[in-house]
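Accompanying notes for the structure given below.
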Amino acid sequence: MKTGFFKQYSKQLIAAAVILVICIVLAILKPAKDELMSHTSPEMQKMIEADESSSRKRVTVTYNDLFIINYASLSTSGAKVMSEKYVGFVGKVYPADEGVMKVTGQMVNYTYRMLGCGENLMHGAKLTILLTTLTVIFGVVLGTILALAKISKKKWLSGLASAYIFFFRGTPLLIQLFVVYFTVPGVCGFAWRDIFSASDAEAVYKGAFTAALIAFGLNSGAYCAEIVRSAIQSIDKGQFEAAKALGMNYFQTMTRIIIPQSVRRMIPNVSNEFIMVLKDASLVFAISLMDITTISKNIMTSEGSYLVFIPALVIYLVITAFFGFIFDKIEKKFSVYE
Amino acid sequence: MSDNYEYILKTEHVSKRFGTLEVLKDINLQVKKGEVICIIGPSGAGKSTFLRSLNQLEKITSGKIFIKDELFLHRENDHTVDRLLREKQQELLLEMGMVFQRFNLFPHKTVLQNVCEAPVIVRKENKDEVEKRARDLLEKVGLSEKADEYPSRLSGGQQQRVAIARALAMNPEIMLFDEPTSALDPELVGDVLQVMKELAESGMTMLCVTHEMGFAREVADRVLFMADGIIAEEGTPEEIFTNPQAERTKNFLNAILEA
């Protein structure tokens, strides 16, 4: 099994190893933070030293470490406005006040912020990945239940499942999100942040995250139901008959025979669903969660930088590629018997 | 379960309709323990449907089915008139093993897992004991070295022998074979028939729908010739093959022997 895996993915693994080694080398060669800071002008250094003994800071220092490259930005406000930016890369420190290095510095800073580095799980790419993964897990579980209900011989049950699927596929996800986030607590008389402790500084974000997870999960469940249903119905009728002839009941037949076989057939579609959810997750900007999209939009608004969307796209692509690989691997793992 | 019964399996006036199509018309059959019965006949005669309705893969339209002299199911016009309690039904159904034309092995399980699945899951038997029995059964069908293979790596004949072992693992008293060799390449038929023959010799009660006339002639205690949903003729292999009475039996056998 292990050797099989290495053989199967030898090219990708070698490529990944080469990239990793290059990154590690670049990370080792990268100048340290102190070195970056030592390039600042004497005037700026004086102000930083003065700040250390003063309660009122005059210099705003931003330091972003992106593993292979780092970036420092120092700016003052008040009587004398100064701004200095530096990029550190492969043993050298470059001033980043203009030209290519300025753009590079900006990109490092934007990427750093959109990835949510230095922040908790409720920020940037971490939020997006967490929300997407949980949504798809929620969606597949709910979708399986809905699919079994839909193919049930009980008319009311399959009708109920059909109605559910019809509703959630037939209305915009954004409005579903609004309903869960605004309407439901409004009608029921609670606030999403209340489900977390009042002393939790992130309660608002966690509350919004919960609402988003519920809305996306309910929606994804409707799509996953169709994925699961078509996978189950693609299983040969003889499998049901063999299980029945051996005395298995419906539950045993489904859990031991039919669903394990359906899983492999679901994976390509679930992978697709994952990518759809990943992109749909950007809708959380409407309930002010700080995901990649929201952060990029905020940067655009506050700094007027139209270039911010390029690293945003790259981050989404990298996430998609990574999970595409994972799903591919899972599919191969489930295909051993074919 | 009492062993004091006259017939292990009995049907009275069994009929089956698919819409307006009458597939089985008034089938009456009595099977004694240990009997080997081969059902032959042209395609569309209702042979498979009859076999499948015995272990409830098809619901009969009307008629009575008795297992070990107990009224298992009585239906009239697609409505159940009388039946055993569900648990009792289930218990009796487990006395019937079935082998399908298309094997229907579980492709995601290895050969050994295929054989062990039902005794462990349905009968809740001890896993180690079942595995030991499964290995014995696989040896009996000549496939002990394939225990850890997936069915897709096996030939059709091997798959069918695994399917037989899988059915036997439940310790059934009756084995139903639904054209077990029809989906096989000709050179693979022999091994499967050999296994079935040994099974018959061991005293298993068997009902086989088959096109293998040689097998029917050699192994069967009784041969049923079915056509158009009725048992057109029944008798010993000798009677059916050497001296058929019904016109349709004669035509069928002539057509087969000429081919």
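Since every read-out is calculated from the coordinates, none of them should be taken as a lab result. These figures come from a predicted structure and were not determined experimentally. Every residue, glycine among them, receives a Cβ derived from its backbone with ideal geometry; neighbour counts consider all protein chains shown.
Taking every DSSP beta bridge that has both residues in the protein assembly as shown, what percent is antiparallel when rounded to the nearest 5? Around 70 percent antiparallel, to the nearest 5. Equivalent-ellipsoid semi-axes for the stretch A:30-182 (Cα gyration tensor, √(5λ), whole Å, largest first): 54, 17, 13.
Here chain A is treated as a Stokes sphere of Kirkwood radius computed over C-alpha pairs; at 37 °C and 0.692 mPa s its diffusion coefficient rounds to 138 µm²/s. Please identify the trypsin sites (Lys or Arg not before Pro) of the stretch A:119-191 that satisfy two criteria: DSSP loop assignment and at most 15 other Cβ atoms within 10 Å. Which are they? Answer by residue number: A:Lys153, A:Lys154. Restricting the calculation to Cα atoms, chain B shows an Rg/Rh of 0.97 when the hydrodynamic-style radius is the Kirkwood one.
Jot down the per residue volume, in cubic angstrom and as a whole number, of the convex hull over the alpha-carbon atoms of the stretch B:161-237.
Dividing the Cα hull volume of the stretch B:161-237 by its residues yields 102 Å³.
The residues neighbouring A:Lys237, those whose beta-carbon lies less than 11 Å from its own, together hold a net charge of 0 under the Lys/Arg +1, Asp/Glu -1 convention.
Residues A:Thr255, A:Thr135, B:Thr11, arranged from fewest to most other Cβ atoms within 10 angstrom of their Cβ, appear as A:Thr255, B:Thr11, A:Thr135. From the Kirkwood radius over Cα pairs of the protein assembly as shown, Stokes-Einstein at 4 °C and 1.567 mPa s returns a whole-number translational diffusion coefficient of 43 µm²/s. Across peptide A:245-255, the mean count of Cβ atoms from other chains lying within 10 Å of each residue's own Cβ comes to 6. With equal scatterers on the alpha carbons only and no solvent term, can you work out the Debye log10 of I(q)/I(0) for the stretch A:32-102 at 0.21 1/Å? Each listed q maps to, in turn, -0.89. In units of the compact-protein estimate 2.2 N^0.38 Å, the stretch B:27-120 shows a Cα radius of gyration of 1.24. Cβ-to-Cβ counts within 10 Å put B:Val115, B:Val195, A:Val263 in ascending order as A:Val263, B:Val195, B:Val115, the fewest first.
Straight-line cross-link reach from B:Lys124 at under 22 Å between alpha-carbon atoms covers these lysines, not counting any fewer than eight positions away in the same chain: A:Lys244, B:Lys88, B:Lys109, B:Lys132.
What is the sum of charges around A:Phe327, taking Lys and Arg as +1, Asp and Glu as -1, for the other residues whose C-beta is under 12 Å from the C-beta of A:Phe327? Local charge sum for A:Phe327: +1.
Under 16 Å from the Cα of B:Lys197, which lysines turn up, not counting those fewer than eight places away in the same chain? Partners found: B:Lys140.
Net charge in the neighbourhood of B:Phe103 (other residues with Cβ under 12 Å of its Cβ; Lys, Arg +1, Asp, Glu -1) is -1. Of the residues B:Leu168, A:Leu160, B:Leu57, the one with the fewest other Cβ atoms within 10 Å heads the list, and the complete ranking is A:Leu160, B:Leu57, B:Leu168.
Which of the lysines could be linked to A:Lys30 by a straight reach, that is with a Cα gap under 19 Å, when you skip same-chain ones fewer than 8 residues away? Counting by Cα, and skipping residues close in sequence, A:Lys30 has these lysines nearby: A:Lys85, A:Lys92, A:Lys102.
The loop-placed GluC sites (Glu not before Pro) in the stretch A:214-296, going by DSSP, include none that has at most 11 neighbouring Cβ atoms within 10 Å of its Cβ. When the alpha carbon gyration tensor of the stretch B:92-215 is reduced to an equivalent ellipsoid, the three semi-axes, largest first, read 21, 17, 12 Å.
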